[in-house]
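The values are calculated or read from the model by the stated rules, or taken from the named source; none is laboratory data. What you see is a predicted model, and the numbers here were worked out from it, not measured in a lab. When we count neighbours, we look across all protein chains shown, and the Cβ atoms used for this are built from the backbone with ideal geometry, even at glycine.
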Amino acid sequence: MAVDPVCKTPVNPHTAKGRMIWYKGAPYYFCSDDCKEKFDINPPWYAAKGPIVPGATR
Ligand SMILES: [Zn+2]
């Protein structure tokens, strides 16, 4: 399970098709297009807030 970096909602990568962004070699999943757009505006700000997939190493 991944975590939406914008709103911290758990996101199932298998159901998040189309709402995923690759940033610096790591996949980021989003619960909604709205969150995806927010991330798109300022990726470094959201990406710096912590691990996207808790307990997982890439
Ligand atoms: Zn979200």
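Miscellaneous remarks
Table: residues versus (1) on the phi > 0 side of the Ramachandran plot; (2) within 15 Å of the ligand (Cβ to nearest atom); (3) assigned to a loop (DSSP other than H, G, I, E, B).
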residue: 5; (1), (2), (3): no, yes, yes
residue: 14; (1), (2), (3): no, no, yes
residue: 28; (1), (2), (3): no, yes, no
residue: 31; (1), (2), (3): no, yes, yes
residue: 34; (1), (2), (3): no, yes, no
residue: 39; (1), (2), (3): no, yes, no
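- Residue 21 vs. criteria in contact with a Phe, Trp or Tyr (Cβ under 6 Å, 6 or more places away or on another chain) and more than 10 Å from the ligand (Cβ to nearest atom): yes
- The lone criterion from (1) surrounded by fewer than 12 Cβ atoms within 10 Å (Cβ to Cβ); (2) in contact with a helix residue (DSSP H, G or I) (Cβ under 9 Å, 6 or more places away or on another chain); (3) at pLDDT 90 or above left unmet by residue 18 is number (3).
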